[in-house]
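Q: Supplied in structure tokens, the structure appears directly below.
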Amino acid sequence: MARVRGLWDRYRSASPVTIALLALVLGLVVGAVIIIATTPEILNAWRGAFHSWGAPGHALKVTFDNVGAAYRSIVTGSIVDPPQFWHSVTTGRGWTASLTPLSETLTYAIPLVIASIAVGITFQTGLFNIGANGQAILGGVAGVAVATLVHLPMVLHLPLTLLAGIAGGVVGGAIPGLLKAYTGAHEVIVTLMFNYVASYFMLFCLLSTPLQLPNQTNAISRTMPGGTQLAPLFGTASGLRVNYGIVVALAVTVFAIWLLDRSSIGFEFRVTGANPHAARASGINARRTLVTSFLISGGLAGLAGVTWVAGTTHYIDQNFLQGSAGIGFTAITVSLLGRNRPIGIVWGSLLFAALEVGGSNMQANTGIPYDLATVIQSAIVIFVATPVLVKEIFRLRTLRAESIKVATAGWGS
Amino acid sequence: MRLELRGITKKFGSLTANDRIDLVVEPGQIHCLLGENGAGKSTLMNVLFGLLQADEGEILIDGEPVRLANSGDAVRRGIGMVHQHFMLVPVFSVAENVVLGFEPTRSLDRLDYARAREDIRSVSREFGLEVDPDVTVESLPIGLQQRVEIIKALGHDAQLLILDEPTAVLTPQEADALMAIMRSLTATGKSILFISHKLKEVRHVSDVITVIRAGRVIGTVPPTASENELAAMMVGREVSLVVDKTAAAPREPVLEVRDLVVRDDRGLAVVDGVSLAVRAGEIVALAGVQGNGQTELVEAITGLRHVESGSVLLGGRDVTNRSPREILDAGLGHIPEDRQRDGAVLSMSVADNLVLNTPRRAPFARHGTRNLRAVRDNAETQVESFDVRTSSVDAPLSSLSGGNQQKVIVARELSRPLEALVASQPTRGLDVGSIEYVHREIVRVRDEGHAVLIVSSELDEVMALGDRVAVMFQGRITGVVDPSTSREDVGLLMTGSTPAESR
Ligand SMILES: Nc1ncnc2c1ncn2[C@@H]1O[C@H](COP(=O)(O)OP(=O)(O)OP(=O)(O)O)[C@@H](O)[C@H]1O
Ligand SMILES: [Mg+2]
């Protein structure tokens, strides 16, 4: 009994984890409302409900069926489809189909974890890196260039490809970092615009001689040789795309935990982010901290880009990280969702990846547009960013001061 | 308004900040709350102002129990509060700040500034709170910013005003002006709950004094009680209110400034040719009315402000215009004037704040990796020896009372290997017991053979602590005198005139 009470108290005292989970619930509620408001079948059922006795039951059933089907297909499309899975267990066949949802979610989560950690590091320093997408693009281009234009044995070639990706991102991070440190140019403007520079630079490369696939007029690169690819975890024959990029993502997570929680430079990042005046008075070199933070962030964003290419497509074309595939932008929201901390970011990435992958499945199965997944993602972030709202809705006790700061940590200029 | 608190209890986790507190404030009364750092004064005031909810107990206004769910409720019930740390928007004008949150509007939601200005003028006139409604708050000296806070607090016809350590940041002159204002407020029947650690002014202005220790009411006494009695009630032991120290044995100069010229943000030479040498084994106290260049002088010494001309020497090394890092590493300890701005990171733990400027130094880090165990051990030791009241060394600094935050900073600076120590207002906001302790520590630093420069607007502190007293006026040192010099003469130097005897 005392245990239950303890749990209840913990729930009521609104820890950041509670807030995140409740935000997920609220996000799903928002999604359900939108499904209801946009599905003619449900609306018609309710219209009928007011004309004939007993029909509200029917309308309710139609509502639950539709919303349920939508959310079920998100889950079955991103994690596991129980009947299919059971079929595999009993017959030993169809494992590819059973594991594809999870594999796809992980595949998509890999670069997202890396890019979100990149963004989170600048947030912790009190800086905004809106340019992670551009940095990831540069990383991808640099990686593909080294992979396709240099000839080396694999033991050297793959590491060098990944390093090239980091280097590409570092260049992308250095520009806003140095500009801010030495001219005061606001990093939000610089990084935001830099995304366009990176996109068009990529197009330029894809249409120019060394990188473009020979005898092509389209913007498409050569394909990375096998030795530079991040191979599928279970072999090419498995048909599952989840690849050794997962090792890279884990390594980045461990690095980020060390950097932010255990390293001296990370301590200086956090002091600078939380109180720049005290940082200065404590002898922390503001310029060096700012530039270092941007270099590390850019480098990781670049690594996210190269990990994505090397693990999945193995070439890039003009759609690389464009539009809804722009993980560098999704990373900003994921970082916020994960409170700019590595472990939180890993969970946030898995959730977003699942919604992304499951959303496509939902569209295929129920005809509800994939964009609903994006709406749910956005709603979750809005709720996480306004813990006061969540608290009011669920009548939680006064938030700890710490959790109120979630939204604002790292938002200083 | 008659206010009564009955059995107020407020807990933070396992810590009981207020323990069944009973308190009565009669109309027209100035009621002072006295208590150690962390005794629970601010917590009680926050409960009264609706910012915190009591776990037990009730609040009665004119005999009627009320529920104050938020500060809006408190304001509607006629309670106004001026917080320990100001809550103004620096870039807004006085008028905008005063109406913030309760904006008077005309049709179509347009702000009615004319009315706001008129309201401010009438409050100003009635209580002698002169301030121009149209200037921006950041351009005002602290004393006037506080008036803005008071006007804001009075704005909604408050009958009870809560002043949480209003005099901690004021010059003695400003504090006197505040006392006069408080008197004029109570003359119209308003009551005031007043918190201060300065026993002199507490005895001077209060009608009743309630002493709190560890969240409990220890007793209620008339202002005729002696300072020693009050101090003993607060701390629970005898406290020495004078600094006991032996004569200084000064040796070679360690911290020296020569012909220093420093400009402020507007480009005025606020330090205008200052030369001063602090020798090993002595305490030089820098006196002066706030705003005569002391702040900028300290900033120049610590590397936080550009030196226009002249030089700063530390241990014989020229550190003029060096980075704060180099100056810290050269052995300068610095207790900054604005602790929350420059001295601490409120969102970080006590332990982290205790290594804020030495995170890379052994044993706190090796090869760029922090040794969190060493950081913790250090924190345990410091918290113990400086008697910092905190639930744990992992608690964020923001959860500590104002005085305990200051103790964390003092502990950090005094526990580092030092050549010289520069301390600005080192005991601001500390209770008498802690002041005694900090003073003793500063004397210890001196006796270990270091140079100490104290900047304080408390004449008492300056005279008690200094082995020599330097007086600053309009950017220049107008005299360096012995602490036995009469207060009148030091006062004259502070206004730029030369006392008869030293002429
Ligand atoms: N939000 C909080 N969470 C946890 N503990 C808190 C919080 N606020 C205050 N405390 C604790 O409650 C106690 C009382 O704090 P309070 O600020 O009321 O002291 P105070 O009497 O105003 O002291 P001072 O004279 O230093 O301002 C302190 O031990 C403090 O650490
Ligand atoms: Mg207080």
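The values are calculated or read from the model by the stated rules, or taken from the named source; none is laboratory data. A quick note: this is a predicted structure, and the numbers were derived from the prediction, not measured. Note: ideal-geometry Cβ built from the backbone for every residue, glycine included; neighbour counts use all protein chains shown. When the accessible area is computed, the model is the full protein with side chains, heavy atoms only, and any ligands, DNA or RNA have been set aside. Shrake-Rupley method; radii C 1.70, N 1.55, O 1.52, S 1.80 Å.
Q: So, in region B:321-341, how many residues would count as being part of a loop (DSSP other than H, G, I, E, B) and out of contact with any Lys or Arg (no Cβ under 9 Å at 6 or more places or on another chain)?
A: Number of matching residues: 5.
Q: Moving on. Are any residues in region B:29-80 over 17 Å from B:ARG2 (Cα atoms), within 13 Å of ligand 2 (Cβ to nearest atom) and not in a helix (DSSP H, G or I), and if so, which ones?
A: B:LEU34, B:GLY35, B:GLU36, B:ASN37, B:GLY38, B:ALA39, B:GLY40, B:LEU51, B:LEU52
Q: Take the residues in region B:17-27 that are in contact (Cβ under 8 Å) with a residue 60 or more places away in the chain and surrounded by fewer than 17 Cβ atoms within 10 Å (Cβ to Cβ), then tell me which one is farthest from ligand 2 (Cβ to nearest atom).
A: In this case the residue turns out to be B:PRO27.
Q: The conditions are (1) part of a strand (DSSP E or B); (2) within 14 Å of another protein chain (Cβ to nearest Cβ); (3) more than 16 Å from ligand 2 (Cβ to nearest atom), and B:LYS10 fails exactly one of them. Which is it?
A: So the condition that B:LYS10 fails would be (3).
Q: Limited to region A:67-126, what total is found for residues that are under 20 Å from the mean Cα position of the chain (by Cα) and among the basic types (Lys, Arg)?
A: 0
Q: Further question on the same structure: Looking at region B:157-178, I want the residues that are open to solvent by less than 10 Å² (accessible area, probe 1.4 Å) and have a partner that is part of a helix (DSSP H, G or I) and within 16 Å of ligand 2 (Cβ to nearest atom) with Cβ atoms under 8 Å, at least 6 apart or on another chain. Which pairs are those?
A: If the second residue must be part of a helix (DSSP H, G or I) and within 16 Å of ligand 2 (Cβ to nearest atom), the pairs left are B:ILE162/B:MET45; B:ILE162/B:LEU48; B:ASP164/B:LYS41; B:ASP164/B:SER42; B:ASP164/B:MET45; B:PRO166/B:GLN146; B:LEU170/B:GLN146; B:LEU178/B:GLN146.
Q: Okay, moving on. When A:GLY245 is evaluated against the numbered criteria (1) closer than 25 Å to A:SER98 by Cα; (2) at pLDDT 95 or above; (3) out of contact with any Phe, Trp or Tyr (no Cβ under 8 Å at 6 or more places or on another chain), which criterion, by number, is the only one it fails?
A: (3)
Q: A follow-up question, please. Go through region A:282-300 and count every residue that is open to solvent by 20 Å² or more (accessible area, probe 1.4 Å) and in a helix (DSSP H, G or I).
A: Of the residues in region A:282-300, 8 are open to solvent by 20 Å² or more (accessible area, probe 1.4 Å) and in a helix (DSSP H, G or I).
Q: Just the residues that are open to solvent by 30 Å² or more (accessible area, probe 1.4 Å), touching a residue at least 24 places away in the same chain (Cβ under 8 Å) and more than 10 Å from ligand 1 (Cβ to nearest atom), please, taken from region B:382-391.
A: B:SER385, B:ASP387
Q: Tell me whether region A:86-95 contains one or more residues that are small (Gly, Ala, Ser), in a helix (DSSP H, G or I) and at pLDDT 95 or above.
A: Scanning region A:86-95 turns up no residue that is small (Gly, Ala, Ser), in a helix (DSSP H, G or I) and at pLDDT 95 or above.
Q: Quick one: which residue in B:ARG416, B:ARG428, B:ARG446 is within 16 Å of ligand 2 (Cβ to nearest atom) and either open to solvent by 10 Å² or more (accessible area, probe 1.4 Å) or not assigned by TED's automatic domain parsing to the domain that holds B:SER349 (or both)?
A: B:ARG428
Q: Follow-up. Tell me which of these B:LEU397 doesn't satisfy, since it passes every other one: (1) in contact (Cβ under 8 Å) with a residue 60 or more places away in the chain; (2) within 12 Å of another protein chain (Cβ to nearest Cβ); (3) closer than 29 Å to B:LEU52 by Cα; (4) open to solvent by less than 10 Å² (accessible area, probe 1.4 Å).
A: Of the numbered conditions (1) in contact (Cβ under 8 Å) with a residue 60 or more places away in the chain; (2) within 12 Å of another protein chain (Cβ to nearest Cβ); (3) closer than 29 Å to B:LEU52 by Cα; (4) open to solvent by less than 10 Å² (accessible area, probe 1.4 Å), the odd one out for B:LEU397 is (1).
Q: Any residue at all in region A:174-191 that is more than 23 Å from A:PRO276 (Cα to Cα) and modelled with pLDDT of 95 or more?
A: no
Q: What tally of residues in region A:70-83 results from selecting those that are assigned to a helix (DSSP H, G or I) and surrounded by 16 or more Cβ atoms within 10 Å (Cβ to Cβ)?
A: Result for region A:70-83: 9.
Q: Within region B:319-349, which residues are more than 19 Å from the chain's Cα centre (by Cα) and over 15 Å from B:ILE301 (Cβ atoms)?
A: B:SER347, B:MET348, B:SER349
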